[in-house]
Amino acid sequence: MKIASLVFLITLFSSLTVAADLRSDLATSHYFASIQSHRQKLAIFLHDMPKGADLHNHLGGASRAENMLRYAEPDLLCVNGKNFAVQVNPRCTRNYLLAESKKKPALYNAIIDAWSMRNFHPGKESGHDHFFATFDKYLPILQKHRTEMLREVVEKACQENLLYLELMIMPDNNRSGLLASKMAWDANLSRLREKLLKNGLMPIIADISSQLESYDKKLNTIGRIKGKNTCADFKLRYLYQVLREQPPVQVFAQLLTGFELATRDPRVVGLNLVQAEDGPIAMRDYTLQMQMVKFLHHLYPKVAISLHAGELVPGLVPTQDLRFHIRQAVEIAHADRIGHGVDIRYEDNAEQLLSEMAKRHILVEINLSSNAAILNIKANTHPLLLYRRYRVPLALSTDDEGILRTSLSEQYQIAVLNYRFSYLSLKKLARNSIQYSFLPGAKLWQDDNYQQVVLACVSSLKTSLLSADCQNFLNANQKADLQWKLEQQFRHFEQQFSKNSR
C-alpha cells in the first residue's frame, strides 16, 4: 500500500507540475501578445527572455568601435585621416595618434562611423561596401586584442541571457594560408594535403590550440557580472573561419587547418568560409571551394560545417550566379547549417531545395539586421517566412553585432515587429539555437517540435527534479545538458507571468 501511495503521489505531483508549466506558458503568451505594440515593454521582455545561443557571430565584427579604441590606447597607432584605418607609423603626428582621438570629438566620431554602420547613409558608397571595408581599418587592433574582445562579447551574451555562443575566429591570423602561398596549387587534393601536413601545418594547428588555451584562462575570471552569477552555465565554442577571397591553395590550407583543428581540439566545433560571397575570387572559385569542403568532409566526417551561402541579391551579381550557391553548399559541401541564405528564391528548383533542407534538418542562420544593412533585404523582401512555410529550421543570430550596432535581443524584436512572431515562435527559435548547435552529444529532445524528450529525462523535465538516470544522461551529453538548462531558464522566466495572471 505504501508503494502504491507513493506512486500515486509522484504521479499527482508530476501532473500538477505539468499543468502549472502549461499555465505559465499560456500566461506568458497572453502577456506577450498584449505588449507586441508597446516597444519599451517588448524590448524589456525580449532582453530578459532566454534566447539559447548565437550561432552566427564573427569575433572580428563583434566588438564596439568605442571599446576597440579603448583597448588600443597604449598601442601608439596612427589614424589615416582619409579612410580612418589604423597602422603603426613612427612618423605619425600627434593630431592623428589614435590615443589622442578622444580629445578630438570630430575625429573620434568619424572613426566610430568608419568602423561601424553608425550614421551610415547609402550614397557613393553602398552599405555592402562600407560594411566589408570596416574590417581592414581596425585589423591591427583585432590581431592584438582578441582577449579583450572575447571578454566583451561573452559578457554581452551573458547579460542578454544566452547560454551558448559559437564564435567564428581565426587566431593564427591566416598563418596556414601564408604557409600555402609558397606552394604551387595541386588539383590532386590528397597529395596537396599530405604536402601541407608534412611541411609546417601541424605546428600552426598546435599554436592555435595554445592560443585558445590562453583565452580560456583569461576568460575564466568572467563568472560574475554586476554581482550576479550570470555566466555560470555559459559555454563558448569556436568555428575556425576560412578566408574565401584567396587563391585555391591558400583556401585549401585553411580548410585543412579547420578540419584538423576541430578533430583535435574540442573547443573548435566546426568551420565556416567568410568574406564577401560576391568577391571576385569567391565567385570564380565557389564550386571549387565546395568541392574542397566535400573532399575534406569525407576524411573528417565528424567535423561540423556551417557555410555562408546565398548572401547575394539581384544586381550585386549576375542573375546566373544566384542560382546555385545554397544548393552546392548543401549537396556538394554537405553543410549542416547555412548562414544567411538570402537568395533562396532565385535558386534553380527552389521549392525542391527548400523541401530537401527541411527533410535533412539543415538550419538557416537568419541575420536580419545584417541583411538589411548590407543587402537592403528586410521586411517582406526577406525569405524568413518562405523558409518557415517549408518548415526549414531557423535560428536568429547577430552576424557582426559590433559593426552593426545590434544585439540578439534586437533580432528577436525585429522578428516580432516585422513578422508578428508569437511568443511560442520565439521560444522555438531559441530552442533551435541549441538543438542545431555543434555541441557534442545526444539531444534532450527527440523531435523538432519539442514535445518529447529522451526517456531518461521524461519525469525529470516534468518536475525539474533530476533523476539519477537523467543526471547521468546530461553528464554524458553536452548538448542535452545545455538544453536542460534552457528549459529551466524558460520555466523560471515564465513563472513571473503566471503569478501576475492570478
Under 15 Å from the Cβ of Arg118, count the other residues' Cβ atoms, weight Lys and Arg +1, Asp and Glu -1, and hand me the total. -3
What do you reckon, how do Lys82, Lys102 stack up by accessible area (1.4 Å probe), largest on top? Lys82, Lys102
Structure shown: which of Lys359/Lys428; Lys479/Lys499; Lys359/Lys462; Lys359/Lys443; Lys156/Lys428; Lys156/Lys217 lie over 24 Å apart, alpha-carbon to alpha-carbon? Lys479/Lys499; Lys359/Lys462
Rounded to 10°, Cα long-axis angle of helix 146-159 versus longest principal axis of the chain: 30
In bins 10 Å wide, starting from 0, what share of all Cα pairs of region 228-374 does each bin hold, as a percent? 11, 40, 34, 11, 3, 0
Can you pull the accessible area of Asp136 for me, 1.4 Å probe, Å² to the nearest 10? 110
Using a 1.4 Å probe and counting only protein heavy atoms, arrange Glu277, Glu66 so the residue with the most accessible area comes first. Glu66, Glu277
For region 258-329, the Rg and Dmax computed from alpha carbons only, in angstrom: 13.6, 42
Rg and Dmax of region 347-422 over Cα atoms: what are they, in angstrom? 12.9, 36
Arg323 to Lys124: FRET efficiency via 1/(1 + (r/R0)^6), r the Cβ-Cβ distance, R0 30 Å, to the nearest 0.05? 0.50
Given a Förster distance of 35 Å, the FRET efficiency implied by the Cβ-Cβ spacing of Ala442 and Thr463, rounded to the nearest 0.05, works out to 0.95
Using alpha carbon centroids, what distance separates region 133-173 and region 190-217, in Å? 21
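Count the net charge of all other residues whose Cβ sits under 14 Å from the Cβ of Thr319, scoring Lys and Arg as +1 and Asp and Glu as -1.
Here the count lands on -3.
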Euclidean distance of C-alpha centroids, region 52-79 and region 275-332, integer Å: 28
Log10 I(q)/I(0) at q = 0.25, 0.28 Å⁻¹ for region 31-71, from Debye over equal alpha-carbon scatterers, is -0.83, -0.89
Going by accessible area, probe 1.4 Å, with all protein chains left in place, what is the ranking of Lys41, Lys103, Lys485, largest first? Lys103, Lys41, Lys485
Over 26 Å apart: what share of the alpha carbon pairs of region 167-315 falls there, rounded to a whole percent? 29
Compute, for Lys218, the solvent-accessible surface of its heavy atoms (probe 1.4 Å) with the complete set of protein chains present, and express it in square angstrom to the nearest 10. 110
Rg/Rh of region 111-222 (Cα atoms, Kirkwood Rh), to two decimals, equals 1.07
Considering only the chain, what is the antiparallel percent among its DSSP beta bridges, to the nearest 5? 15
How big is the accessible area of Asp186 in square angstrom, nearest 10, if you roll a 1.4 angstrom probe over the protein chains? 40
Could you give me the percent of Cα pairs per 5 Å distance bin for region 394-502, shortest bin first, beginning at zero and ending with the bin that holds the maximum distance? 2, 11, 18, 20, 18, 14, 10, 5, 1, 0
Arg39 and Arg388 label points (each 7 Å along its Cα→Cβ direction) are spaced in nm at 2.1
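If Rh is defined by the Kirkwood formula over all Cα pairs and Rg also comes from Cα, what ratio Rg/Rh do you get for the chain?
Working: Rg = 23.8 Å, Rh = 24.2 Å.
We get a ratio of 0.98 for the chain.
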Can you work out the Karplus-derived ³J(HN,Hα) for every residue in region 486-491? Use 6.51 cos²θ - 1.76 cosθ + 1.60 with θ = phi - 60°, whole Hz, and x for glycine or proline. 5, 5, 5, 4, 4, 4
Rel. contact order, % - alpha carbon contacts under 8 angstrom, at least six apart, the chain: 19
Regression test value, accessible area per residue of the chain, probe 1.4 Å, units Å², expected 45
Reach of Lys104 by Cα under 21 Å, taken over lysines that are not fewer than 8 positions away in the same chain: Lys82, Lys137
Cα-derived Rg over Rh, computed across region 376-419 with Rh taken as Kirkwood radius: 0.98
What relative contact order, as a whole-number percentage, does region 95-203 give when Cα pairs under 8 Å and 6 or more residues apart are counted? 12
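The values are calculated or read from the model by the stated rules, or taken from the named source; none is laboratory data. From a predicted model like this one, the values you see are computed outputs, not experimental measurements. For neighbour counting, all protein chains shown are included, and Cβ atoms are generated from backbone atoms with ideal geometry for every residue, glycine included. Ligands, DNA and RNA are excluded from the accessible area calculation, which covers all protein heavy atoms including side chains. Shrake-Rupley method; radii C 1.70, N 1.55, O 1.52, S 1.80 Å.
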